[in-house]
Amino acid sequence: AQKITQTQPGMFVQEKEAVTLDCTYDTSDPSYGLFWYKQPSSGEMIFLIYQGSYDQQNATEGRYSLNFQKARKSANLVISASQLGDSAMYFCAMRERNQAGTALIFGKGTTLSVSS
Amino acid sequence: NAGVTQTPKFQVLKTGQSMTLQCAQDMNHEYMSWYRQDPGMGLRLIHYSVGAGITDQGEVPNGYNVSRSTTEDFPLRLLSAAPSQTSVYFCASSTSGGSLYEQYFGPGTRLTVT
């Protein structure tokens with residue numbers, strides 16, 4: 001079974017609008033972290049935001065916020081006031097505490113296209 | 001402080017050739033990992049290391065070897081390249097300890113096997 005599921009292969013939004021990118025996860029480890037990365041066409045992986053499983057509040061970083069619903073096992077990324085530069089691939093990822101290497105498990109990604 | 005560096009950035013190999021992708025970090029991180037990224041597949045873990053002298057397999061280890069003789073370096077070896085290994089390879093590092101937070105990625109190596 002997939003541990004990270006991103007069901008939206010592509011999303012389209014206009015500049016200045018908000019957009020939500022969906023992510024659901026599956027784990028039995030009570031201690032885990034959830035991450036969102038942005039990958040522009042240049043290829044590098046850019047860290048956006050992190051949510052710990054024990055964090056009481058939803059994480060926010062500038063225009064990015066993470067809508068964390070623990071009971072539903074969802075960790076959706078919300079981008080407010082989209083900009084043309086937000087056009088990229090976005091990956092949701094998880095790290096479980098009981099994974100010895102603490103490597104990340106990635107979803108398949110969502111391509112976001114922002115138009116003017 | 002260079003972070004995570006990878007060399008080369010691009011490489012073309014012929015089927016059956018061997019090569020080593022280099023990865024180095026200067027942050028004194030204990031954990032290092034190799035991922036491959038294929039279209040529509042996201043990033044998948046190849047091998048990882050929790051410290052010098054300790055490595056283990058990830059989700060897709062076949063055809064790759066790793067070693068970790070120092071904290072700084074974590075090379076990935078392709079023993080006999082195959083077209084199925086055409087991919088973008090990312091190295092990453094992170095700290096151990098209480099935080100699940102920090103993981104740093106290198107810029108990637110784009111490998112084509114013909």
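The values are calculated or read from the model by the stated rules, or taken from the named source; none is laboratory data. Because the structure is a prediction, the values reported are computed rather than measured. All Cβ positions, even for glycine, are placed from backbone atoms using ideal geometry, and neighbour counts span all protein chains on display. Side chains are part of the model used for accessible areas, which takes the heavy atoms of the whole protein and leaves out ligands, DNA and RNA. Shrake-Rupley method; radii C 1.70, N 1.55, O 1.52, S 1.80 Å.
Can you name every residue in segment B:33-48 that is under 13 Å from B:P75 (Cβ atoms) and aliphatic (A, V, I, L, M)?
Correct list: B:I46 only.
Among the residues of segment B:11-35, which ones are open to solvent by 20 Å² or more (accessible area, probe 1.4 Å), under 23 Å from B:A82 (Cα atoms) and not hydrophobic (A, V, I, L, M, F, W, C)? Break it down into steps so the answer makes sense when it comes.
At the first step, the residues of segment B:11-35 found to be open to solvent by 20 Å² or more (accessible area, probe 1.4 Å) are B:11-12, B:14-20, B:22, B:24, B:26-28, B:30-31.
So of that shortlist, the ones also under 23 Å from B:A82 (Cα atoms) come out as B:11-12, B:14-20, B:22.
Within segment B:11-35, B:Q11, B:K14, B:T15, B:G16, B:Q17, B:S18, B:T20, B:Q22 qualify.
Strands (runs of 3 or more DSSP E) wholly in segment B:48-114 with at least 2 residues that are closer than 22 Å to A:E44 by Cβ and of a type in the set (S, T, Y) - which ones? Write out each step before concluding.
Details: elements: B:54-57, B:64-66, B:76-78, B:87-94, B:103-105, B:109-113.
Because the criterion is at least 2 residues that are closer than 22 Å to A:E44 by Cβ and of a type in the set (S, T, Y), the strands (runs of 3 or more DSSP E) in segment B:48-114 that meet it are B:87-94, B:109-113.
Mind listing whichever residues of segment A:98-108 are open to solvent by 10 Å² or more (accessible area, probe 1.4 Å) and either at pLDDT 85 or above or in contact with a Pro (Cβ under 8 Å, 6 or more places away or on another chain) (or both)?
Answer for segment A:98-108, where residues must be open to solvent by 10 Å² or more (accessible area, probe 1.4 Å) and either at pLDDT 85 or above or in contact with a Pro (Cβ under 8 Å, 6 or more places away or on another chain) (or both): A:I105, A:F106, A:K108.
Output the number of the condition that B:A92 fails; it satisfies all remaining conditions of (1) at pLDDT below 95; (2) under 12 Å from the mean Cα position of the chain (by Cα); (3) away from chain A (no Cβ under 14 Å).
Evaluating B:A92 over (1) at pLDDT below 95; (2) under 12 Å from the mean Cα position of the chain (by Cα); (3) away from chain A (no Cβ under 14 Å) leaves (3) as the failure.
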